[in-house]
């Protein structure tokens, strides 16, 4: 059992209640794992598709963590730790009518449910068994909107997640030698993060060597890392439910002039766009700082993804920093800044820090060394 340091669940539940009332709902069923944990502190992970670890129901007078018997003990312990009045409701048995019966008992007639996290089969069963006159209303972004701006307690947790990634990167790269494979390095990074206190990795660690570095989401394999090869390492630690996200690129031992040129361009784009960050600027304009610089250098097509994204309880969340984004940066948001260039058959360079948006600038959550040669 892992307990979060964030303890303002009562405030979060109350905020959900306010939105539920504004939308003329009797309750909201929260099924997204990160949203569920954000509102209740419940840490259990879902299994395979269709194997939910539970759901949270918030009504005007009730906050219930609804689980099957496999999770009752954990749910009870974590609900007791929360500062919100969250009751644990156990649904014992496999009847598809159990949840509708509870909703009827609690007077929930118009139920909102998270459309992005609800299986159609679950919706279909609920709709079939809900009492005549009951209504299911798909909703989007209620809890996600609450999560965009982080509290100081959340930021402190994310600073710790960032430091774990920094320290793991330093530890493993100090021992990196020619001939080690991508998979060996990725495994070493994930083990180091856990040894340093992480729950685990924020996402499967990317280690891409040689021509593989031209693939932004490369899966580590048995490719050896040789002297002079371009290498991209994209990694992050999950700490008390919150993620970090960081990318470093380098050549092992030596770098030729072409690599140094590409690396320098990406670093300039990274630094310029990061310096542009502050509350009130648009995400689209922030993306354009890096994109325009790389375009002017003749590499418009080689920057093939957005500049960045929000980071929090999910490693990818709102806001989005891309060329068509309608989002605006606000103080308390946490976003990645990660321009990259990818040249098929040669390799690539991506440099990423996660930063906190402040009223007049930013605070970086990553401090691992940068440089074209390791």
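Throughout, read-outs are computed from the coordinates displayed, never taken from laboratory work. Bear in mind the structure is a predicted one, so any value in this text is a computation, not a measurement. Reconstructed Cβ throughout: ideal geometry from the backbone, glycine too, with neighbour counts over all protein chains shown.
What the table below lists for this structure:
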read-out: Using alpha-carbon coordinates, inclination of helix 120-129 to the longest axis of the chain, degrees; value: 10
read-out: Ordering of 208-215, 233-240 by burial proxy (mean other Cβ atoms within 10 Å per residue, highest first); value: 233-240, 208-215
read-out: Rg/Rh (Cα only; Kirkwood hydrodynamic radius) as it applies to the chain; value: 1.03
read-out: Mean separation of Cα contacts under 8 Å (6+ apart) over length of segment 152-364, as relative contact order %; value: 21
read-out: Structure-based [θ]222 nm, the chain - -39500 (n - 2.57) summed over DSSP H runs of at least 4, per residue, nearest 500; value: -10500 deg cm²/dmol
read-out: Computed label-point distance, nm, for sites residue 60 and residue 331 using a 7 Å Cα→Cβ extension; value: 3.6
read-out: Computed lengthening from residue 187 to residue 364, 0.36 nm per intervening residue step minus Cα-Cα distance; value: 61.1 nm
read-out: Cα gyration tensor, segment 135-221 - rounded (a/c under 1.5), prolate or oblate; value: oblate
read-out: Tensor-based shape of segment 9-147 (alpha-carbon gyration tensor, a/c under 1.5 rounded, otherwise prolate or oblate); value: rounded
read-out: Stretchable slack from residue 296 to residue 279, in nm (0.36 nm times residue separation minus alpha-carbon distance); value: 3.4 nm
read-out: Cα gyration tensor shape of segment 152-364, rounded if a/c is under 1.5, else prolate or oblate by comparing a/b with b/c; value: oblate
read-out: Cα-based helix-to-principal-axis angle, 72-81 vs the chain, degrees rounded to 10; value: 80
read-out: GNM flexibility winner over the chain from 361, 241, 298 (Cα, springs under 10 Å); value: 298
read-out: Antiparallel DSSP beta bridges within the chain, percent to nearest 5; value: 75
read-out: Packing-based ranking, highest mean first, of 353-360, 38-45, 220-227 given that Cβ atoms within 10 Å are counted; value: 38-45, 353-360, 220-227
read-out: Of 230, 339, 138, the one that fluctuates the most in a GNM where the chain has Cα springs shorter than 10 Å; value: 138
